[in-house]
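The structure under discussion appears below in the form of structure tokens.
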Amino acid sequence: MPPSPAPVTLPLRHKIGSKVTPGDRLGIASRGRVRLLAGGGCYLRQGQLYASQLGTLGAHRHGDSTTDEGVVSWIVNVNSERGAGLMAMAVSAGPQIGMVVIGRVTRVNRPSHALVDMVAIVPEAKDGSTDQAIVPFPEPFSGTLRQNEIRPKSSLEVEIAECIRPGDVILARVHANGERDFILTTAEAELGVIQAICESSGCEMTPTSWKEMQCPLTKVKEPRKVAKPRQVR
């Protein structure tokens, strides 16, 4: 009998079956003889695959698609608990003033503002609650969070690096339309950082107050503008 083919190692940063959040970098699109294609719930940007919704990471081989050079294609997808209907809603969705969105901070330009990739809408009920599944955008939208829009009644004296940092996942509200992007605000109790990674250990931190998060491994605390817990599924 011919030997069994060696198992394929996909260039993914997360294990298949693990939970991922919007904006998570999933893996590199091409490495060696493996090519990753963006399926449902994820998108391709600058040679990297990213999650566009909250869900479970999956991958399957793209038919029998093997090139003459032996390159095999795999389709990577993020399966939402709400299923494919949610993705259909997102095709025509875009940020609107007043919407609550999930975004990932891509850059902090001291002292004035931060740049954010908005990846999903958090629907709000008429009573203001958000105990609903998020609606991913088909691709990220650019937003700007200004220094004076970070905390309630904040001023230019706010140190932006003590509120948010690159890589943080935040809840923000679309405040206005800018010339090139959307203006965001986190100046509400339930808006702010919902996920942050400790710079020293790489572990996900947990909130200890409205202005600090702590690494569970090193116990190091870092300043953040922490969002008041809410139900986001």
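Listed values, structure above:
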| quantity | calculated |
| --- | --- |
| Any hit, segment 170-185, residues being on the phi > 0 side of the Ramachandran plot and either touching a Leu at 6+ places or on another chain (Cβ under 9 Å) or of a type in the set (Ser, Thr, Tyr) (or both) | no |
| Residue that is surrounded by the fewest Cβ atoms within 10 Å (Cβ to Cβ) [pool: residues in segment 185-227 that are among the basic types (Lys, Arg) and under 18 Å from the mean Cα position of the chain (by Cα)] | Lys225 |
| Conditions (1) in a loop (DSSP other than H, G, I, E, B); (2) at pLDDT 80 or above; (3) more than 19 Å from the chain's Cα centre (by Cα): number failed by Arg35 | (1) |
| Flag for Thr130 being outside the structural domain of Leu49 (by TED's automatic domain parsing), out of contact with any Ser or Thr (no Cβ under 8 Å at 6 or more places or on another chain) and at pLDDT below 85 | yes |
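The values are calculated or read from the model by the stated rules, or taken from the named source; none is laboratory data. Quantities reported herein were computed from a predicted structural model and do not represent experimental measurements. A quick note on method: Cβ atoms are made from the backbone with ideal geometry, for glycine too, and the neighbour counts reach across all protein chains shown.
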